[in-house]
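The values are calculated or read from the model by the stated rules, or taken from the named source; none is laboratory data. Note that the structure is predicted; figures quoted are calculated from it, not measured. We place every Cβ from the backbone using ideal geometry, glycine too, and count neighbours over all the protein chains shown. Remember, those area values only see protein heavy atoms, side chains included, never the ligands or the DNA or RNA. Shrake-Rupley method; radii C 1.70, N 1.55, O 1.52, S 1.80 Å.
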Amino acid sequence: MTLRTVPDVTFKTRVRDETIEGPNPFRWEDKTTADFFGGKRVILFSLPGAFTPTCSTYQLPDFEKLYDEFRAEGIDEIYCISVNDAFVMNAWGKSQGLVNVKLIPDGSGEFTRKVGMLVAKDNLGFGMRSWRYAAIVNDGTFEKLFVEEGFSDNCETDPYGASSPQNILESLKAEKIAAE
Ligand code: BEZ
């Protein structure tokens, strides 16, 4: 990833709207990268798919649990992005009981492609998905990247370590100590 700033992308989200009657009170709402990243220092982490085992058992729940620690290190928001549509991402968030981490549906993969992280996962029948990575993004500018090793199409393994919340927290804390 060589980009300095997040690309301009419009995300198609589904939001609850109590004025809509019936069993599915949701409507489309466009959200832009400016809405998500403008004027904030955030963690963005990206993974191969909603509901997949490592993402659902470790990465997403651990970011959720460690949210207050990230806040204490000067992080305003934690975003999880995946090449999945808004219906899937909302269902995943609900199943995880998320309160802190916000999900970004990159259904068409436009953001992931523009940051150079789109990979084929046809070996798993997934099509094009995101390589696993995370970043500290400050007011839309990439401050630090945490990219898992072995970036490749149809990778037979799923490296997970660099983009873990524990690793990123350690990095934030070390940076603070170095600045003191
Ligand atoms: C996992 O999170 O465990 C996973 C991710 C992508 C494909 C298969 C499994």
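For region 38-43, just list the computed ³J(HN,Hα) in residue order, Karplus coefficients 6.51, -1.76 and 1.60, θ = phi - 60°, integers in Hz, with x standing in for Gly and Pro.
x, x, 10, 9, 10, 9
Distance in nm between label sites at Arg27 and Lys40, each 7 Å beyond Cα in the beta-carbon direction?
Taking the simple label geometry, Arg27 and Lys40 are separated by 2.2 nm.
Can you give the FRET efficiency to the nearest 0.05 for Lys102 and Lys173, using r as the Cβ-Cβ distance and R₀ = 30 Å?
Details: r = 23 Å, r/R0 = 0.77.
With a Förster radius of 30 Å, E is 0.85.
Assign unit charges at the C-beta atoms only (+1 for Lys and Arg, -1 for Asp and Glu), then state the dipole size of region 7-55 relative to its Cα centre in Debye, rounded to the nearest 20.
Its charge dipole is roughly 220 debye.
In whole angstrom, note down how far apart the Cα centers of region 149-167 and region 110-146 are.
Centre-to-centre distance over Cα atoms comes out at 11 Å.
Quick check: at a probe of 1.4 Å, how many percent of the accessible area of region 79-132 sits on carbon and sulfur atoms?
53 percent
Length gain on complete extension for the stretch Glu149 to Thr19, per 0.36 nm per residue less the alpha carbon to alpha carbon distance?
42.1 nm
Towards the positive end of the charge dipole of the chain, with charges on Cβ (+1 Lys, Arg; -1 Asp, Glu), say which of Pro53, Pro105, Gly150 has the farthest Cα.
About the Cα centre, the residue reaching furthest to the positive side is Pro105.
Tell me, what is the per residue accessible area of the chain in Å², probe radius 1.4 Å?
Working: 8950 Å² over 180 residues.
Each residue of the chain exposes 50 Å² on average to a 1.4 Å probe.
What nm distance separates the two modelled labels at Phe126 and Tyr160, each placed 7 Å from Cα along Cα→Cβ?
My value for the distance between the label points is 1.1 nm.
Per residue of the chain, what 222 nm ellipticity follows from adding -39500 (n - 2.57) for every DSSP H run with n ≥ 4, rounded to the nearest 500?
Computed mean residue ellipticity for the chain: -7000 deg cm²/dmol.
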